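Just below is one structure, and these are the notes that go with it.
The values are calculated or read from the model by the stated rules, or taken from the named source; none is laboratory data. In this text, all values refer to a predicted model and were calculated from it rather than measured experimentally. Cβ placement follows ideal geometry from the backbone for every residue including glycine, while neighbour counts extend to all protein chains displayed. The accessibility values were calculated without ligands, DNA or RNA, using every heavy atom of the protein model including side chains. Shrake-Rupley method; radii C 1.70, N 1.55, O 1.52, S 1.80 Å.
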Amino acid sequence: SFLKWTGAFATSIDESSWFILLFLLELETYVLSDETLEGPTRWIILAIRIPCYIFLVHTLYAFGDTVYDLSQVTPIAGITELCQLVASNVSYVENLKYTLLDFNNCANLSSASQFFYTEPGLVVTDSNGLAVERHLAWLDLIEAFVWICILFTIGLMVWLQDRGITKGSLMRIIIIAKVALYSVLWGAAGYWIFKGHYYFAWDEFIWISGFFFIEMNVADWREEINEVDAAKLMSTT
């Protein structure tokens, strides 16, 4: 199906959308003035942003579909040794490491007596490998969901500050939520390190760092609003 086909490119679609959104957030929170953001400019930004949101929801679908597919796998009937699958031209996966099966490596890759297709007819693993694949699939899904939640909190904060609201219980809730959400992402980076995937941990660090600058822009903007409000209050007293 079309969604299955696009799901195969979920990471590329997701990364492209995030780069565009990051650029728009930088424009909105730092580069463009409040006056510039009024009128057509805001509508143009919104018109670009909406498709990106749709693509991010697509990422959730794709990762969720992977989690579901891995929850439905069953043992391969009639296979009790990995070497029996050599003629099938499949790869063995363990902790995201793929190895094409042949008679020289099949006996060394796994001594299990039960095997599963993580991708039918293409990739096989044993019960331990399947458990790891499921954990990492859930991690992808959680990360995607958390990033969307962070995007929502930033968008809500920008919306409030655009209306001169910088304090109150809702603003405090947003700040607390952000701390919790970023903590989850740091935990995910730690898990990638634990599993030996340092590149993915580095990728997580780079994205968090990128959004740190966006958060700094929002905080500086909030401080400017507070200073203007304080000046107005001083002028009336």
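By accessible area, using a 1.4 Å probe on protein heavy atoms only, the chain has 67% of its surface on carbon and sulfur. Highest mobility in the GNM of the chain, judged by mean-square fluctuation with C-alpha springs under 10 Å and restricted to Thr99, Thr59, Thr125, is found for Thr99. Dividing the Cα radius of gyration of the chain by 2.2 N^0.38 Å, with N the residue count, gives 1.34. For the chain, the antiparallel share of DSSP beta bridges with both residues in that region comes to about 80%.
A simple spin-label model places pseudo-atoms 7 Å from Cα toward Cβ; at Cys83 and Ala131 they are separated by 2.7 nm.
At a Förster radius of 45 Å, what calculated FRET efficiency corresponds to the Cβ-Cβ distance of Lys4 and Val31, to the nearest 0.05? Could you put the intermediate results ahead of the total?
Values: r = 39 Å, r/R0 = 0.87.
Taking R0 as 45 Å, the efficiency between Lys4 and Val31 is 0.70.
Peptide packing for 162-171, 49-58 was compared via the average number of neighbouring C-beta atoms within 10 Å per residue; ordered from the highest value, the list is 49-58, 162-171.
If the segment from Arg172 to Ile50 were pulled out straight at 0.36 nm per residue, it would be longer than the present Cα-Cα gap by 41.2 nm.
Averaged per residue, the chain has 59 square angstrom of accessible surface, using a 1.4 angstrom probe with ligands and nucleic acids left out.
One decimal place: the segment Val179-Arg163 gains 3.4 nm when fully extended, by the rule 0.36 nm per residue minus the C-alpha distance.
Remark on Tyr92: its backbone amide H falls under 5 Å from those of Thr99, Leu100, Leu101, Val124, a criterion applied only to residues 5 or more positions apart or on other chains, H modelled at 1.01 Å from N.
Sort 77-83, 180-186 by packing, meaning the average of other beta carbons within 10 Å per residue, with the highest value first. Mind showing how you got there, number by number?
On the way: 77-83: 13.0, 180-186: 14.7.
So the peptides 77-83, 180-186, ranked by packing, come out 180-186, 77-83.
To the nearest 20 Debye, how big is the dipole of the stretch 129-231 about its Cα centre, given +1 on the beta carbon of each Lys and Arg and -1 on that of each Asp and Glu?
On the way: 7 positive and 12 negative charges, 74 e Å.
Charge dipole of the stretch 129-231: 360 debye, to the nearest 20.
Magnitude of the charge dipole for the chain, about its Cα centre and with charges confined to Cβ atoms of Lys, Arg (+1) and Asp, Glu (-1), is about 420 debye. Extension gain, Asp102 to Trp186: 0.36 nm times the residue separation minus the Cα-Cα distance gives 26.4 nm.
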